[in-house]
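See below for the structure under consideration.
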């Protein structure tokens, strides 16, 4: 029987080994645009983890839209160990304009944020980027319920979502509390932090941030290597499709990751991710042949014109990823 510790380590390895492929521009949370004790600053770079304007934030005054908050205002952080809200102060705010996704919990609540904004994941006992949750790499979220400040911490499942929810004015908050989190739209989310590590999640300062590779990834759950041998391990092909795990690719071909164990060829394949409707069912990954009409112009517009249905997005390493969600 798999122990809780083993399940935690398996999830952690899966999150670390699989690149975030929602957009090529990462949001890694540097300190440009906002300084300690500053007023709201406009950031022109693309390196800020943010929540969208209109998102209500939990404060001692009640729920306040994030765009109306200012440095020095009191907001609530969450002590996840005790389940209590703790008043803290905003020390910096950064404003930018970013592409966002809409992440839903199974109770219908929605968070619109940049794909790299960390949200608390109970099964990990730590934080993972919203984009990773949207890609099915985590199955639960931490939310609060009840009237402020007497709330309850609740674990919720991940509902349906939109990988592209438009371009929004977004806001990045730094808080004084060592808990390093706040509540946005009912979701427990990490606050702005330029240095985040994997470790003691009770401090609230831990976020999971995977690295993007070019066909090779490593973790406790295994590794994938692109070689010139053209041989494959647990790979099966049929009708121009490849599924399972791959340990080799065609010599000299440029590849990109498709899930944890599979790599697809940029010039001739796209990665299909199938999300089953059942919560406990396994997400499957498959390399599928690009339509002939798209071989000279590998982009999502061409796939849609060739009746390839699903949510299409480019991979940072090149290639296309199409997510299909069962009802």
If you find the alpha carbon centre of the stretch 106-139 and of the stretch 156-178, how far apart are they in angstrom?
9
Please give, to one decimal in nm, the separation of the simple spin-label points placed at residue 324 and residue 87, each 7 Å out from Cα toward the Cβ.
5.4
Taking the mean number of other Cβ atoms within 10 Å as a proxy for protection, how do you rank 92-104, 110-122, 155-167 from highest to lowest?
110-122, 92-104, 155-167
With a Förster distance of 45 angstrom and the Cβ-Cβ distance between residue 160 and residue 267, calculated FRET efficiency to the nearest 0.05 equals 0.90
Bins of 10 Å, starting at 0 and running to the largest distance - Cα pair percent for the stretch 79-174:
15, 42, 38, 5
Taking just the alpha carbons, could you work out the radius of gyration and Dmax for the stretch 121-164, both in angstroms?
11.8, 34
Work out, step by step, the length gained on full extension between residue 107 and residue 299: first 0.36 nm times the residue separation, then minus their alpha carbon distance; give nm to one decimal.
65.6 nm
Peptide ranges 64-72, 180-188 listed from the most packed, as the mean C-beta count within 10 angstrom indicates
180-188, 64-72
What FRET efficiency, computed as 1/(1 + (r/R0)^6) with R0 = 25 Å and r the Cβ-Cβ distance, is obtained for residue 139 and residue 63, rounded to the nearest 0.05?
0.40
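Any read-out appearing in this document is the output of simple, stated calculations on the displayed coordinates, not a laboratory observation. These figures come from a predicted structure and were not determined experimentally. Using ideal geometry, Cβ is built from the backbone for each residue, glycine included, and neighbour counts are taken over all protein chains shown.
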